[in-house]
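Asks: Structure incoming, see below.
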Amino acid sequence: MAFDSFRDFVNALDKAGELKRFSQPVATELEITEIADREMKLPGGGKALLFEKPTVNGVVSPFPVAINTLGSHKRMAMSMNAESVDAVANELGALMKAKPPTSFKEAMKLLSLALDLRHAKPKTVKTGACKDVIHLVDSPKLRVDSWPKAPDVNQHSTFNTQPPTLLNLPILRCWPLDGGRFITLPCVVTRDPDTGERNLGMYRIQIYDDKTTGMHWQLQKVAARHGRRYYEKGERMPVAIFIGGDPMFPFAATAPMPDGLDEFLLAGYLRKKSVEMVKCETNDLEVPANADFVIEGYIDPTEPLRDEGPFGDHTGYYTLPEPYPVFHITAITHRKDAVYPATIVGIPPMEDFYIGGASVKLFLPIFKMNFPEIVDIALPAEGVFHNLVFVSIKKTYPMQAYKIMHGLWGMGQMMFSKYIVVVDAEVNVHNTSEVLFHLTANTDPQRDSIFTKGPSDVLDHATSEIAIGSKLGIDATKKLPGEGFKRAWPPLIKMDAAVKAKMEKLLDSR
């Protein structure tokens with residue numbers, strides 16, 4: 001079943017023994033990060049954490065903070081109401097195999113149809129729990145009958161009936177050199193002013209004051225493209241940010257969906273129920289009716305950009321300040337029983353490793369439709385997503401590994417991949433030690449490497465220019481004569497299968 005709120009998901013994690021609760025006050029300034037970072041680095045990702053009395057500048061918030069809720073393979077599967085992410089990927093792959101596509105365009109059309117088969121198309125409703133409390137900025141309109149009181153704690157005052165603002169929500173300051181507080185799991189809704197197509201993305205939000213934030217949409221992101229059109233037209237750009245609701249919302253916002261496909265379609269498919277959408281109070285955008293928090297506003301194209309950052313990023317380093325658009329707040333609404341979901345990023349492994357890994361598994365059938373020789377793909381935690389990609393293939397002809405490298409560099413966010421290592425089908429790409437063994441054993445560095453140039457991640461601090469860099473592909477497969485290899489390729493050492501089975505029985509009987 002679908003989760004009707006983030007609290008429902010937290011309760012499900014609690015029931016499954018996947019949640020640790022903290023009843024004592026813990027500061028949103030650095031302290032929650034320190035506890036969460038330790039937990040995320042435990043084997044398997046540790047447990048989800050619920051801070052029941054988070055403090056903001058020493059004041060207890062009425063909203064608990066949940067973090068690391070998607071930070072394990074088990075919790076990712078629970079968020080999809082499935083036994084495993086592999087099971088969901090296999091189901092989607094089976095739907096798409098009903099009529100094999102003959103082109104990439106046809107593949108995208110088939111994906112849209114496959115998602116729609118489960119009544120996944122979002123639908124509009126009149127209102128929802130996300131409007132339990134409505135506060136219009138610079139307006140006397142405020143419905144506070146449902147505004148929750150913070151729990152009474154000694155030495156701590158409470159908000160009582162203060163309206164929700166960017167300054168009293170439990171927004172984290174994650175790392176010591178961060179430029180301020182950041183919303184770290186924001187689902188950002190924008191719309192193409194020409195086509196009306198909606199996009200759901202995730203771009204960190206730095207709090208400047210009670211009415212403005214930074215909007216860190218990177219150069220190659222869809223929302224940035226929408227923004228450029230508004231800047232060209234000289235029109236004010238409506239934007240809506242929501243937090244919480246079904247855990248499939250932040251997952252869909254980060255998934256590598258093909259341009260033009262609605263992320264809410266994917267969310268509806270994964271939650272096995274259409275997403276109910278409600279219109280915002282101060283603009284025409286729609287957000288999920290069961291979201292925990294909604295922040296509405298606009299970006300003014302006549303306004304100069306403003307420095308955003310520093311921010312302790314998923315690269316393990318701080319992203320230094322760069323100019324980005326300013327987001328102006330016009331309204332904040334929320335559920336009366338809202339839970340504030342958050343995450344942190346930094347030196348891996350972190351929660352985002354499991355989110356990214358689930359995306360790769362889910363979209364592997366799409367890669368295979370374009371490259372049927374692909375067996376599996378892995379993004380090791382050490383590569384912080386784009387930096388390192390392992391791919392295994394069923395190799396049947398010379399230079400096939402290079403075809404795969406170039407093909408992946410041409411697919412969506414895979415264009416950011418700095419290093420791609422291609423190995424043979426029998427190599428387990430999820431075992432980094434095994435991949436490195438074949439990498440060092442099967443390659444001649446000069447012969448089996450290729451350098452190329454292309455777009456790079458804006459967050460990559462190592463490139464000489466922002467968003468421009470080089471890439472390295474390594475062919476770690478067995479070499480064929482057509483690839484200039486004239487020697488005999490030796491067999492890999494393996495024990496005889498019959499002896500292996502016999503000795504296993506002997507050892508088991510001891």
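The values are calculated or read from the model by the stated rules, or taken from the named source; none is laboratory data. Bear in mind the structure is a predicted one, so any value in this text is a computation, not a measurement. Glycine also receives a Cβ, built like all others from the backbone with ideal geometry; neighbour counts cover every protein chain displayed.
Asks: In this structure, does G268 turn out to be part of a helix (DSSP H, G or I) and within 15 Å of P325 (Cα to Cα)?
Replies: So G268 fails the test.
Asks: Could you list, in sequence order, all residues of segment 20-49 that are hydrophobic (A, V, I, L, M, F, W, C), in contact with a Pro (Cβ under 9 Å, 6 or more places away or on another chain) and under 30 Å from H430 (Cα atoms)?
Replies: M40
Asks: Quick check on segment 325-373: of everything there that is under 23 Å from the mean Cα position of the chain (by Cα) and aromatic (F, W, Y), which residue is nearest to Y230 (Cα to Cα)?
Replies: The selected residue is F327.
Asks: Inspect segment 423-434 for any residue being touching a residue at least 60 places away in the same chain (Cβ under 8 Å) and more than 25 Å from the chain's Cα centre (by Cα) and give the result as yes or no.
Replies: Within segment 423-434, none of the residues are touching a residue at least 60 places away in the same chain (Cβ under 8 Å) and more than 25 Å from the chain's Cα centre (by Cα).
Asks: In this structure, does S359 turn out to be surrounded by 20 or more Cβ atoms within 10 Å (Cβ to Cβ), of a type in the set (S, T, Y), in contact (Cβ under 8 Å) with a residue 24 or more places away in the chain and within 25 Å of A48 (Cβ to Cβ)?
Replies: yes
Asks: Moving on. Given the options D209, D259, name the one that is at pLDDT 90 or above and either assigned by TED's automatic domain parsing to the domain that holds A120 or in contact with a strand residue (DSSP E or B) (Cβ under 8 Å, 6 or more places away or on another chain) (or both).
Replies: Only one candidate passes the filter, namely D209.
Asks: Just give me the residues in segment 292-317 being closer than 25 Å to R236 by Cα and part of a loop (DSSP other than H, G, I, E, B), in sequence order.
Replies: Once the filter is applied, which keeps residues that are closer than 25 Å to R236 by Cα and part of a loop (DSSP other than H, G, I, E, B), segment 292-317 yields D300, P301, T302, E303, P304, L305, G309.
Asks: Considering segment 250-267 alone, what residues qualify as being within 21 Å of F293 (Cβ to Cβ) and surrounded by 23 or more Cβ atoms within 10 Å (Cβ to Cβ)?
Replies: P250, F251, A252, A253, E263, F264, A267
Conditions tested, residue by residue: (1) farther than 20 Å from L364 by Cβ; (2) at pLDDT below 95; (3) part of a loop (DSSP other than H, G, I, E, B); (4) of a type in the set (A, V, I, L, M, F, W, C).
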| site | (1), (2), (3), (4) |
| --- | --- |
| T55 | yes, no, no, no |
| F63 | yes, no, yes, yes |
| M76 | no, no, no, yes |
| L95 | no, yes, no, yes |
| P100 | no, yes, yes, no |
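Asks: Out of segment 370-394, which residues are modelled with pLDDT under 90 and crowded, with 23+ Cβ neighbours inside 10 Å?
Replies: V384, F385
Asks: A77 is checked against (1) more than 30 Å from N370 (Cβ to Cβ); (2) buried (at least 17 other Cβ atoms within 10 Å of the Cβ) and fails just one. What number does that condition carry?
Replies: With (1) more than 30 Å from N370 (Cβ to Cβ); (2) buried (at least 17 other Cβ atoms within 10 Å of the Cβ) applied to A77, the lone miss is (1).
Asks: Considering only segment 13-31, state which residues are in contact with a Leu (Cβ under 6 Å, 6 or more places away or on another chain) and part of a helix (DSSP H, G or I).
Replies: Matches in segment 13-31: L13 only.
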